[in-house]
Amino acid sequence: METAEAASSLAGKHIVLGVTGGIAAYKAVEVVSRLRKKGAHVHVIMTRGAQNFVTELTFREMSDEPVITDMWAKVTHYHVEHIALAKLADVVLVAPATANFLAKAACGMADDMLTTTVLATKAPIFVAPAMNTAMYENAMTQENLERLRAHGFHVIEPASGQLACGTSGAGRLPEPVELVSVLEQFFDGGAQKNSADASACQKRDLVGRKVLVTAGGTHEPLDPVRYLGNRSTGKMGFAVAEAAAQRGADVVLVAGPVGLATPAGVRRVDVLTAQEMHDAVLREYADTDAVIKAAAVADYRPKERAGQKIKKKDGSLFLELVRNPDILKELGEKKKQQVLVGFAAETERVLEYAAGKLKKKNLDFIVANDVSRKDAGFSADTNCVTILGRDGSQTQPPLMSKRVLADVILDCVARALAAGRN
Ligand code: PMT
């Protein structure tokens, strides 16, 4: 057994991982690896379909446990009959969960080892649907998911983006780091204590709230072909928008020029420059309940925008830059009921500078982002932050995917809204 990472709530847990027959089955291999690094025992059950995508041997090597592929095979490694794993499990995770598996589970079928285990276990069950968008959005799949939820299953919402079938939309299996974080958060305490709050992915605590999110960088044109910009990809802001929509909010996403698909249920407004972002945000602000400003906005723009491409000459070229509006500061000055969350991208004295922005911009929270780390900040899929509250609170989640972090940020927002702090 590998050494458990510092004090993970998954250490020593028996996790039954069901892998069904979708292209995302390969990601389940990394899930096993990550769970083992957290000190968990992982018992894999593969459906017949899954065996077309990944071999049993791969999972056996990764988990260092026998892998179940057939309900009728002679079992020598578990003490009792075919429900041994159902009894042993502290939690069952099915990832990826195909539409076919969801349909069978929703009907209570038990025609293979995975569905039998799911039916027989008393452990909490998480399913991570992954499939083509049309299949996911099909009313029958959605009804099956509703039925599973009603029976206490925890549904981990799929991510949006480019799918293996070439289309774009909801249906992508979340990243392994995110799936592991969902289980870890579950065992961390809060979720277990209150089944109504069973996991971040199921919260509907923003229903009836309007949430305004900004994402991506801005482009400040120099001439028709050049601009000043920055390295923001929009991943952080899009993750927040997706999470807020899944929690029931009415989400407006003001996005700079990025190449990401719009998350399901989100109204998107595309902008290019800081001034355009300013105007779009101010138009939406009055009836907004919470603003999360993940965008990296240019503080300066070229004073002149050349009408034609600037020609090179001998010697240096000097650009005069003028200040852009500080959008968030203006929101802070006009603030009424809104909960305001800023991000601070810093490379040094991270907490000190972030705390200064929290105060100066009259924010409720600031997400202090050390962008000098490779696994955090610009373009990474993960982030490592400290969330500072105006009341002096400090939340320091571990390194996690931007999507899981989005829920941690929204937990702060939801609490502030519920407390009617503004
Ligand atoms: O998009 P990704 O690739 O996922 O990267 C994520 C990120 C690093 C861009 C994001 O997590 C982040 O840190 N965003 C804030 C970047 C930034 O511009 O920080 P800042 O310290 O310069 O600005 C502080 C806050 O004021 C920010 O919320 C910013 O949106 C806002 N601001 C800044 C300048 C300006 N003119 N108007 C603003 O509203």
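The values are calculated or read from the model by the stated rules, or taken from the named source; none is laboratory data. Just so you know, these numbers come straight off a predicted model, no measurement behind them. Every residue, glycine among them, receives a Cβ derived from its backbone with ideal geometry; neighbour counts consider all protein chains shown. In case anyone asks, the SASA skips ligands and DNA or RNA and just uses the protein heavy atoms, side chains included. Shrake-Rupley method; radii C 1.70, N 1.55, O 1.52, S 1.80 Å.
Of all residues in segment 395-417, which are touching a residue at least 24 places away in the same chain (Cβ under 8 Å) and of a type in the set (S, T, N, Q)?
Within segment 395-417, Ser401 is the sole residue that qualifies.
Exactly one of these conditions fails for Gln338: (1) more than 9 Å from the ligand (Cβ to nearest atom); (2) surrounded by fewer than 18 Cβ atoms within 10 Å (Cβ to Cβ). Give me its number.
(2)
Among the residues of segment 388-404, what is the count of those that are crowded, with 21+ Cβ neighbours inside 10 Å and under 26 Å from Ile156 (Cα atoms)?
Residues of segment 388-404 that are crowded, with 21+ Cβ neighbours inside 10 Å, as a first pass: 388, 400-404.
When the remaining residues are screened for being under 26 Å from Ile156 (Cα atoms), the result is 400-404.
Total satisfying the criteria: 5.
Show the residue pairs meeting these rules: Cβ distance below 6 Å; 6+ apart or different chains; first residue within segment 145-168 and assigned by TED's automatic domain parsing to the domain that holds Ala103; second residue hydroxyl-bearing (Ser, Thr, Tyr).
What qualifies is His154/Ser199; Gln162/Ser168; Thr167/Thr133.
Of these, Asp407, Asp381, which one is in contact with a strand residue (DSSP E or B) (Cβ under 7 Å, 6 or more places away or on another chain) and within 21 Å of Ala245 (Cβ to Cβ)? Talk me through it step by step, then tell me what you get.
Details: Asp407 fails: in contact with a strand residue (DSSP E or B) (Cβ under 7 Å, 6 or more places away or on another chain).
Unique residue meeting the criteria: Asp381.
Name the pairs whose Cβ atoms lie under 8 Å apart, with the first residue in segment 221-244 and within 19 Å of Ser379 (Cα to Cα), the second among the hydroxyl-bearing types (Ser, Thr, Tyr) and open to solvent by less than 10 Å² (accessible area, probe 1.4 Å), and 6 or more positions between them or separate chains?
What qualifies is Gly229/Thr218; Asn230/Thr218; Gly237/Thr214; Ala239/Ser401.
Going by the structure shown, is Ala368 part of a loop (DSSP other than H, G, I, E, B) and either near the ligand (Cβ under 10 Å from one of its atoms) or surrounded by 14 or more Cβ atoms within 10 Å (Cβ to Cβ) (or both)?
Taking the combined requirement at face value, the residue does not satisfy it.
What residue, among those in segment 280-302 that are away from the ligand (no atom under 16 Å from the Cβ) and open to solvent by 80 Å² or more (accessible area, probe 1.4 Å), is farthest from the chain's Cα centre (by Cα)? Walk me through how you get there before you give the answer.
Looking only at segment 280-302, we keep the residues that are away from the ligand (no atom under 16 Å from the Cβ), and these are 286-287, 289.
Checking which are open to solvent by 80 Å² or more (accessible area, probe 1.4 Å) leaves us with 286-287.
Working: Ala286: 28, Asp287: 26 Å.
Only one residue tops the list, namely Ala286.
Could you check Val269 against (1) under 30 Å from Thr133 (Cα atoms); (2) more than 11 Å from the ligand (Cβ to nearest atom); (3) open to solvent by 20 Å² or more (accessible area, probe 1.4 Å); (4) in contact (Cβ under 8 Å) with a residue 24 or more places away in the chain and say which number it fails?
Val269 satisfies every listed condition except (4).
Going by what's in this entry, would Val385 be described as away from the ligand (no atom under 12 Å from the Cβ), hydrophobic (A, V, I, L, M, F, W, C) and surrounded by 23 or more Cβ atoms within 10 Å (Cβ to Cβ)?
So Val385 fails the test.
Could you pull out every one of the helices (runs of 4 or more DSSP H) wholly within segment 17-120 that has 1 or more residues that are out of contact with any Pro (no Cβ under 7 Å at 6 or more places or on another chain) and of a type in the set (Ser, Thr, Tyr)?
25-37, 56-63, 113-120
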